[in-house]
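K.L.:
A single structure is presented below for examination.
Values quoted throughout were computed directly from the atomic coordinates according to the rules given, and no laboratory measurement underlies them. No experiment lies behind these values; they were computed from the predicted model shown. Glycine gets a Cβ as well: all are built from the backbone with ideal geometry, and neighbour counts include every protein chain shown.
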Amino acid sequence: MSPTDRVWDRAYFFAPYTPDAVIDSTLGFRCEACSLVELRRRDDIHIVVLTRGNTIVQVQELPRSAVDVRTSLLKTPFAPGTTFKLTEEPSGRVWLDPK
């Protein structure tokens with residue numbers, strides 16, 4: 001099942017090395033699934049957390065080898081229907097940007 005098949009009302013992006021306490025504080029509740037990813041120890045992924053109310057719908061890893069997330073997107077809640085774009089630099093690095 002893909003994230004678009006699930007009912008969610010907010011999406012949050014978190015950067016590598018984000019401590020569990022920051023994720024929990026941003027979400028407003030404990031995210032055990034986020035802790036299991038161990039983002040606080042990793043530099044190879046971002047995560048996107050889909051929530052509905054105070055429930056985790058999905059935690060999805062975004063490998064940085066495929067796409068990087070702009071700082072402006074981090075820890076900001078996004079509603080369904082929010083549009084993003086991929087921007088490729090001459091170096092080949094791909095960024096997820098707000099549209």
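K.L.:
Give me K75, K85 ranked fewest to most by other Cβ atoms within 10 Å of their Cβ, as a rough exposure proxy.
P.N.:
Starting with the residue having the fewest Cβ neighbours, the order is K85, K75.
K.L.:
At Y17 and F29, where each label point lies 7 Å from the Cα along Cα→Cβ, what is the point-to-point distance in nanometres?
P.N.:
Calculated label separation equals 3.1 nm.
K.L.:
Using the number of other C-beta atoms within 10 angstrom as an exposure proxy, rank S91, S72, S35 with the fewest first.
P.N.:
Placing the least packed residue first, the sequence is S91, S72, S35.
K.L.:
Can you tell me which of 57-67, 10-20 comes out highest on packing, and rank the rest after it, using the mean Cβ neighbours within 10 Å?
P.N.:
Ranking, from highest mean packing down: 10-20, 57-67.
K.L.:
Counting only helical runs of four or more DSSP H residues, what would the 222 nm mean residue ellipticity of the chain come to if each run contributes -39,500 (n - 2.57) and the total is spread over all its residues?
P.N.:
That calculation yields -3500 deg cm²/dmol at 222 nm.
K.L.:
Which whole-number percent is the relative contact order of the chain (Cα, under 8 Å, 6+ apart)?
P.N.:
30
K.L.:
If you don't mind, there's one more thing I want to ask. Local charge sum around V37 (other residues, Cβ-Cβ under 15 Å, Lys/Arg +1, Asp/Glu -1)?
P.N.:
-2
K.L.:
While we're on this one: Principal axis lengths of the chain from Cα atoms, whole Å, largest first?
P.N.:
40, 31, 25
K.L.:
Here is a further query. What is the list of residues in segment 19-58 whose amide nitrogen lies under 20 Å from a point 7 angstrom out from the Cα of V94, following Cα to Cβ?
P.N.:
Counting backbone N atoms under 20 Å from the label point, the list is 43-49.
K.L.:
Sticking with this structure for a sec: Using Cβ counts within 10 Å as a stand-in for footprinting exposure, how do T83, T51 rank, fewest first?
P.N.:
T83, T51
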